[in-house]
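Working notes for the structure below.
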């Protein structure tokens, strides 16, 4: 058993924040924490009040599941199911696969529709064109003519055709990249695994994106929200019961070219990195929805944010714009505590 400081790191994306759980440091047998690498980041599991047997089994099962999902759904490495699907789409052939895989892609398509396709897992060719299907990002930006060709093709997951045990695409430019939803999918599965083992109080955190259930003893888990400009938390909030907190931001995967910064969250409407927001943090009961919504709302123009949030069922929303102003929905304003001094400028984001 590992008795570690109850400090759960979070990546609140949105240029937005890199979450970090500020749970305090207490050495107590009730707290268990384990860490491992998956999806290119540190995954941490924190539980409260579970038995040693439950904790060890949870860590084993979740690590095995995450490793399998990483291999199955990797966006650009060959050998996995997603690589097979994308190759078959390019070749005009169907892919015969499991009901579980089809359901994942169907749910991804639904979330994409709800976001007006700003969350668009079908633009893998565009992401690859920018060089983000790899480990080294250096530029230069791709030629506009190549971007324009993919924009004209306009691939979305609505181009997929599903049969009972197969899928195909009518658009050969569809290349699926589930980077905007894979962590949410994995976190939801991990929480289901914990619940099956009888664990009622836990956090599963994938590099800052997390889902929390239950409590930390007699108090709620406490989560910190990081500034997009540094490692310092600017706010904190407490999950209530069973909630996912996900952030999308412009500060993790990026490159500098001729003194200009280009990040990996590509706007499907323009073919260029999204502008207007540095980071977005959302709360939702479902981690997949939170993951997709954080990406979509980072991309969304100011006048579309409230509509897309409503369509995706997001009521708790924090956006940090390029000027450093915090825009909060009414419900989120009641949930978070600002920590910075002086307090950053804030504005209200109305979501009906």
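Every number here is computed from the coordinates shown, using simple stated rules; none is lab data. Not measured: the values here are computed from a predicted model. Virtual Cβ from ideal backbone geometry, glycine too; neighbours counted across all protein chains shown.
In table form, for the structure just shown:
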quantity	calculated
For the stretch 55-74 and the stretch 108-168, distance of Cα centres in Å	27
Sorted largest first, extent of the stretch 73-125 alpha carbons per principal axis (Å)	30, 26, 21
Residue of 208, 276, 124 that the Gaussian network model of the chain assigns the largest fluctuation, springs spanning Cα pairs under 10 Å	276
Rh by Kirkwood over Cα pairs, then Stokes-Einstein D for the stretch 151-217 at 0.890 mPa s and 25 °C, µm²/s	165
For the chain, Kirkwood radius (reciprocal of mean inverse C-alpha pair distance, Å)	20.5
Whole-number Å³ per residue for the convex hull built on Cα positions in the stretch 81-169	108
The chain: relative contact order as a whole-number percent, Cα under 8 Å and 6+ apart	22
For 183, 195, order by how many other beta-carbon atoms lie within 10 Å, fewest first	195, 183
For the chain, calculated [θ]222 nm from helices alone, where every DSSP H run of n ≥ 4 adds -39500 (n - 2.57)	-9500 deg cm²/dmol
Potential extension, residue 340-residue 242 segment - 0.36 nm per residue separation minus Cα distance	32.6 nm
Length added when fully stretched, residue 163-residue 269, from 0.36 nm per residue minus Cα-Cα	35.3 nm
Label-to-label distance, nm, for residues given as residue 41 and residue 323 (7 Å Cα→Cβ offset)	2.9
Relative contact order %, the stretch 81-169, counting alpha carbon pairs below 8 Å whose residues are six or more apart	43
